[in-house]
1. Filter the GluC sites (Glu not before Pro) in segment 142-209 down to the DSSP loop ones having no more than 14 other Cβ atoms within 10 Å, then list what survives.
2. Apply the Karplus curve 6.51 cos²θ - 1.76 cosθ + 1.60, θ = phi - 60°, to the phi angles in segment 247-256 and return the couplings in whole Hz, x for Gly and Pro.
3. Quick one: Karplus J couplings for segment 29-39, per residue in order, coefficients 6.51, -1.76, 1.60, θ = phi - 60°, nearest Hz, x for Gly and Pro?
4. Quick one: which residues, 5 or more positions from Val92 or on another chain, have an amide H under 5 Å from its amide H? H modelled 1.01 Å from N in the peptide plane, none for Pro or chain starts.
5. Could I get the Rg over Rh figure for the chain? Both from C-alpha atoms, Rh via Kirkwood, rounded to two places.
6. Convert 4 °C to kelvin, take the viscosity as 1.567 mPa s, use the Kirkwood radius over C-alpha pairs of segment 66-172 as Rh, and evaluate the Stokes-Einstein diffusion coefficient in µm²/s, rounded to a whole number.
7. Can you compute the radius of gyration and Dmax for segment 218-260, using only the Cα atoms, both in Å?
8. Of Pro135, Ile114, Ala197, which is farthest along the charge dipole of segment 3-309 in the positive direction, counting Lys and Arg as +1 and Asp and Glu as -1 at C-beta?
Amino acid sequence: MRPFLLALVVVLSSGAAAVAQNTDSTDFDPAGHYAVYTGAGEHVDLNAIVSAMGSADVVFLGEQHNDPTAHALQLLLLEAAQREYGSSRPVVLGMEMFERDVQTVLDEYLAGFIRESDFLKASRPWGNYETDYEPLIEFAKAHGLSVIASNAPGRYTSMARRRGLASLDSLSLGARLMLPHEWAHELLSEIIPQPSAAYGEKFRAEMEEMGAHGAMPGMPSVDDMLVAQNLRDASMAYWIADRLGDSRPLVVHINGSFHSAGRLGIPEHLAWYAPEARVLVVTMRSAEDVHTAPEPTNDDFIILTHEAMMPAE
């Protein structure tokens, strides 16, 4: 398998992050390295996003996983959410980077019950955790914010990819509780929505662009990988919806931009699990010239970050 294709499969389907180490987002000043636009292409500033958060229940901050500017901006936006809205409603951090089966470990660390070393051993953090995601977790810990481990456990997305979504129906009760579920419904495969036609088309186009237009011997097909990708999207949406409840917190969710860009993926599933949820989609992507407005999209905001700041591959 070609290296670049393997990297795409890792990012889109397995969720593991074998990505380059970046500058610590607490030390990196993103000023001058980004520009903010509305989905219609109008140039605005970061304050426009902070203001829009006040009318949202869920804010998706889509990233490229190795973008230091995006990580620094995520921390700034989380800090702003807590500063502006934390006194009137709970602010909750959601993260693709933690799978649901480590939620208890994450909770124990945030509560100060266990040491950081034990937390890191048990939570399977991504390779760039220390530089890019630790600042978010430590901010949440310092300010008493809860954190959602929203991603589906990798062993189950792998199972769904290899054996089909219906294979999840044979899992034990304990396993099923880590996936989208309903107490009165026995078949997980029937309560996990299928990907939309638009999302499936987008996924296949992305894979074809990366060279995965035909299945290679011994490798999963694009359709099989879409099953795993969709399970991750559904899981993230389900656990966000589960946290919304009656308190109506402001959930700031960190995920790869593919999972939420254009309001496809997680936002589509969230509309199924929590139809009343008000959603704000912010997509961050690198560009050679951040001062050239992007084409209009279905996102609420686009943040262009300086391509030159991305680590060399």
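Bear in mind these aren't lab numbers, they're just calculated from the coordinates by the rules spelled out. In this text the structure is predicted, and so the values were computed from the model without any measurement. Positions of Cβ are backbone-derived with ideal geometry, glycine not excepted, and every protein chain shown enters the neighbour counts.
1. On the way: sites: Glu182, Glu186, Glu190, Glu201, Glu206, Glu208, Glu209; in loops: Glu186.
Qualifying residues, ordered by number: Glu186.
2. 7, 6, x, 9, 8, 9, 10, 9, 7, x
3. Residue by residue, segment 29-39 yields 9, x, 3, x, 10, 7, 9, 10, 9, 6, x Hz.
4. Those lying under 5 Å, H to H, from Val92 are Leu250, Val251, Val252.
5. Details: Rg = 18.6 Å, Rh = 19.8 Å.
On the Cα set of the chain, Rg over Rh gives 0.94.
6. 85
7. In order Rg, Dmax, the Cα atoms of segment 218-260 give 13.8, 48 Å.
8. Result: Ile114.
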